[in-house]
1. May I ask you to list the residues in the range 437-460 that are outside any helix (DSSP H, G or I) and of a type in the set (G, A, S)?
2. Can you tell which of I526, I539 is over 21 Å from T618 (Cα atoms) and not aromatic (F, W, Y)?
3. Pull out all pairs, ordered by first then second residue, where Cβ-Cβ is under 6 Å, the residues are six or more apart or on different chains, the first lies in the range 321-346 and is over 15 Å from E444 (Cα atoms) and acidic (D, E), and the second is open to solvent by 40 Å² or more (accessible area, probe 1.4 Å) and part of a helix (DSSP H, G or I).
4. With (1) open to solvent by less than 20 Å² (accessible area, probe 1.4 Å); (2) under 24 Å from I539 (Cα atoms) as the list, and I172 as the residue in question, which single condition is left unmet?
5. Among (1) under 30 Å from F473 (Cβ atoms); (2) surrounded by 13 or more Cβ atoms within 10 Å (Cβ to Cβ), which single condition is A423 missing?
6. Of the residues in the range 272-295, how many are basic (K, R) and either touching a Ser or Thr at 6+ places or on another chain (Cβ under 8 Å) or within 18 Å of M248 (Cβ to Cβ) (or both)?
7. Which count do you get for residues in the range 568-599 that are at pLDDT 85 or above and farther than 19 Å from Y617 by Cα?
8. Quick check: is even one residue across the range 299-307 open to solvent by less than 30 Å² (accessible area, probe 1.4 Å), closer than 30 Å to I150 by Cα and within 22 Å of the chain's Cα centre (by Cα)?
Amino acid sequence: MRTLKIGPEWLWLAIHSLLLAFLVSHRDTLPTVLNRYSTLYALLLLALVVVGIAGLWVLWQPEIYRGRLSRLISKLRTYPLFYMAVCSIGVLLMLAVWLTPFAIPMIPLHRQLLRCYATGLILGTTYLTLFAGARERYVSFRLWVAVSAIACFAVLIIAVHYLDRFPQLNQIDELHNWSAQWTFAHTGLLGEAMYRQMIPLPQPILDSPHYLMGFLLRYIGDTLWQSRFARMLLACLALPFIYLLGKMMYGKRTGVFAVVVAAFLIPPTAYVRPDVFVGVMLSVALYVYWRAQTTRRPWMHYLTGLCVALCGEGHPLAYRFGLAFALIYGVRWLYEMWQTRRLFIDGRLFALGLGGATGMLIYLSIHILPNTAQGLHFATSYGPGTRTSIGQFDAALGILQNQLTIWVNTSPLESLFVALGVALALSQNKQPDRLLLTLLAVSELLLLVTYAYYRQFYQAHFLPIFALLAGRFLANFTESHSSRAPAGRLSALVLASMVFVVGLVIMTQDAQASAYDPERDEFTAIARDLKADLPADAIVVGNENYFLEMRSMNYYGIQTVTTNGWYLVNYQGYKLWEVTKPDIFILSGEMDTPKYTDLYSIYSYMQDHNFMLARCYTHTGLIEAQVYVRQLPPGWIVDPTCKSDSDIQTDTK
């Protein structure tokens, strides 16, 4: 009789039972089976039960595979085409799992669980078919590096190819940040050309990476493509530090895998805004911190605090990592005092605090002290003190849900390995694991208790943490004996290559989907027509989207209300237009203009200064740009077929 022991079969049973427990809780909108499930969903559950029982039986009776089944495929393994065929089928199946839309309506969590389960099943079956029971072959570290380098270059090639459209344009945040970089490139002043009538240049509260980006745009071009390319180059500066971190903390192969994962994480959202600077400086801070553990020199701990503090130049949310590092140093100090049974002052903690204070002074000198009222206005508008405990709790739930949705949609396969990396770090609990988990847990908790929303580009803040966690899991998964060993098994390299190929195809499909943006095609075509027709010296007020083609210091953004919380503006409403003195207004209600703009003051100003509706621009009818002019430009005549929104509403009534 077989004796029961903890082994792969119990892990399989636990995972399968947990998956079924999640899926059984599902309820279809039109149930036909047990008054709960659709027929298709019931068949899915039945198939999972059958697969679970079959897999458990094989794991409990390994001699069956080692005997009969092994002899059946041992001859096939002598043919290289057999390996190619099995790997190709595995890749195609995984692509079908990750790219095929679900016919059954399911919540995102259920979809991801099914995809993760199917991916593990495909990889496990591939291993059993090609490598189980055979003599293991090892390949040199150079081959691992070569495969990983090919994957990274492929990611960057795809990213550059779709750089103008992937990720899709974040219209408010990205356009305003790009406008700031464009303004610095053309004026040497840090501000926004579209908002300079409200905010005098220079404007100190904007992130410092705008200086670097704007300076670079002077030499490589000032379009959105060049701006995104500059930010992608900035994000790639984190890759060498991520490799060195992985190598020092877990081994060379972890470093290689972490770089590949980081390369996959960068394209979907990381170069939309200067937030990539947070991930870069956090990578440097982690590297300096780990180097500081092997020396007693306080200088390294000072640099750690300085680098963490400078993360705030990418986004103020980086304060979370500073507090996390302070907690790590403080707990270690208390533990060492308890261990030695004596009180002492930890110079490392003092050096960390001194470095952090230096970074904060730099931040205050650049952003706050030149305009204290502006800094206080921002802090009071976005601080948690403006929300009640119930409001903050609701915001925290929204952040968690939005964060999960964003990760699932933008980095589906990578998020799987990050989650598995977190689980592995929790189970092994080594010093590097504790560092990464503390940074992740503390920063996430502070985000939930102090912030009100979550944006896609916040992913860039966690770039080194997620890359190292996922790389750690992949290195352990591909080498069960020692994750620090440079060489690795051939079977592991084959499975890793399959994952890389699937990740590349998923990213390519997402990039192609982002490239298809009818709204952007429409306002881009309209903007080109406007640029050709409008007088070059006219002062124009219009939607920010048209700035993509109509880049000029005479062009002002129309969505001024969005700046109330962020900027302490000089003028608003009717007074704003009196100061700006526009010659032309471009109104496009289809682009959310009424949501963010004080249209009442615009119509009042146009009425008082005898503006007339001269032309309407559209290509497919998706967007209509209504051009109001104070005086008809030379060669223009009023288009009698063009009607304003108010005229259309009157006709409808």
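The values are calculated or read from the model by the stated rules, or taken from the named source; none is laboratory data. In this text the structure is predicted, and so the values were computed from the model without any measurement. Glycine also receives a Cβ, built like all others from the backbone with ideal geometry; neighbour counts cover every protein chain displayed. These accessible areas exclude ligands, DNA and RNA; they are computed on the full protein's heavy atoms, side chains included. Shrake-Rupley method; radii C 1.70, N 1.55, O 1.52, S 1.80 Å.
1. A452
2. Exactly one of I526, I539 is over 21 Å from T618 (Cα atoms) and not aromatic (F, W, Y), namely I539.
3. D346/W333
4. Going through (1) open to solvent by less than 20 Å² (accessible area, probe 1.4 Å); (2) under 24 Å from I539 (Cα atoms) one by one, I172 breaks only (1).
5. All conditions pass for A423, except number (2).
6. So the answer is 1.
7. Final tally of qualifying residues: 10.
8. no
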